[in-house]
Amino acid sequence: MHRDRLSAAGTGVLLLAVLLSACSSKPVDKTAGWSPNRIQAEARDELNSGSFDKAIPLYETLEGRAAGTPLAQQAQLDKAYAQFKDGQKAEAIATLDRFMRLHPSSPAIDYALYMKGVINFNDELGLMSFLSRQDLSERDQRAAKEAFESFNDLVTRFPDSRYAPDARARMRYTVNALAQYEVHVARYYYTRGAYVAAVNRAQQALSDYRDAPALEEALYILVQSYDKLGMPQLRDDAKRVLDANYPNSEFVAKGFRANAKPWWQLW
């Protein structure tokens, strides 16, 4: 009987030790006693130092602690930026969409639209992407179109926004790149003898994108494709449009360019 009591006592001590161990293994919330302003300051320090993965949970904590205040709204925007810089682009866009849904009258809506456009545009390329010899038209076309939509929404709703001038410049870049993509495809079809498909893609570029540099080649592809298809009237119509808009066209003089450079590349 004495042995049973000792056994029971030992079991109780063991259970207590297990419970204490479980409690001690729980993650400690270092922000438990922090004010919202301190959380914001710490998150900003992590963001500025490039520790985006550490900044994100701090901004999430700040959203909860400062719920219903401008500080919480700013935390959502800062979290989206940290997610973007951390490579979590889908999560960043979801955060921005949530912000715009919850705060449709916020004075920061223009920034949210701008950031959404930049994320899809791929800010690492930027307007000076020719320095890296990359062409947006060879990248994800859906993302480019979504970037254009965000920028267009921004400049339409907030034409005087501080972000509008850059958004317009990015829109021009995106339109040119999308037009170049269609011409890439049209040229591909033409060189493989698929002249009807080449006509369709060239016409798509001409109808969807106005004043883009790639449209000169789109018209030239039309001229050449109609000629191959034995359609002299359509060929001559396309040639007249080409001559009227590009009287000194290099395509007419020299034909397709060998290893043609992207429209933005200057050398």
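The values are calculated or read from the model by the stated rules, or taken from the named source; none is laboratory data. Fair warning: this is a prediction, and the values are worked out from it, not measured in the lab. Counting neighbours? That spans all protein chains shown, and the Cβs are built from the backbone with ideal geometry, glycine included. The accessibility values were calculated without ligands, DNA or RNA, using every heavy atom of the protein model including side chains. Shrake-Rupley method; radii C 1.70, N 1.55, O 1.52, S 1.80 Å.
If you go through region 235-248 and keep only what is surrounded by fewer than 16 Cβ atoms within 10 Å (Cβ to Cβ) and either over 28 Å from M171 (Cα atoms) or of a type outside the set (D, E, K, R) (or both), you end up with D236, D237, R240, V241, A244, N245, P247, N248.
Check S150, S161, S105 and return the single one that is farther than 30 Å from L206 by Cβ, open to solvent by less than 50 Å² (accessible area, probe 1.4 Å) and at pLDDT 85 or above. Reasoning before the result, please.
Numbers: S150 fails: farther than 30 Å from L206 by Cβ; S105 fails: open to solvent by less than 50 Å² (accessible area, probe 1.4 Å).
The unique qualifying residue is S161.
Has region 246-253 got at least one residue that is at pLDDT 95 or above and of a type in the set (A, V, I, L, M, F, W, C)? No, there is no match, as no residue in region 246-253 is at pLDDT 95 or above and of a type in the set (A, V, I, L, M, F, W, C).
When the residues of region 185-214 are narrowed to those that are among the aliphatic types (A, V, I, L, M) and under 27 Å from the mean Cα position of the chain (by Cα), which ends up surrounded by the fewest Cβ atoms within 10 Å (Cβ to Cβ)?
To start, the set of residues in region 185-214 that are among the aliphatic types (A, V, I, L, M) comprises 185-186, 194, 196-199, 202, 205-206, 212, 214.
Those left that are additionally under 27 Å from the mean Cα position of the chain (by Cα): 185-186, 202, 205-206, 212, 214.
Numbers: V185: 18, A186: 28, A202: 29, A205: 25, L206: 22, A212: 21, A214: 25.
Filtering region 185-214 for residues that are among the aliphatic types (A, V, I, L, M) and under 27 Å from the mean Cα position of the chain (by Cα), the one surrounded by the fewest Cβ atoms within 10 Å (Cβ to Cβ) comes out as V185.
With respect to being modelled with pLDDT of 95 or more and crowded, with 16+ Cβ neighbours inside 10 Å, Q224 fits the description.
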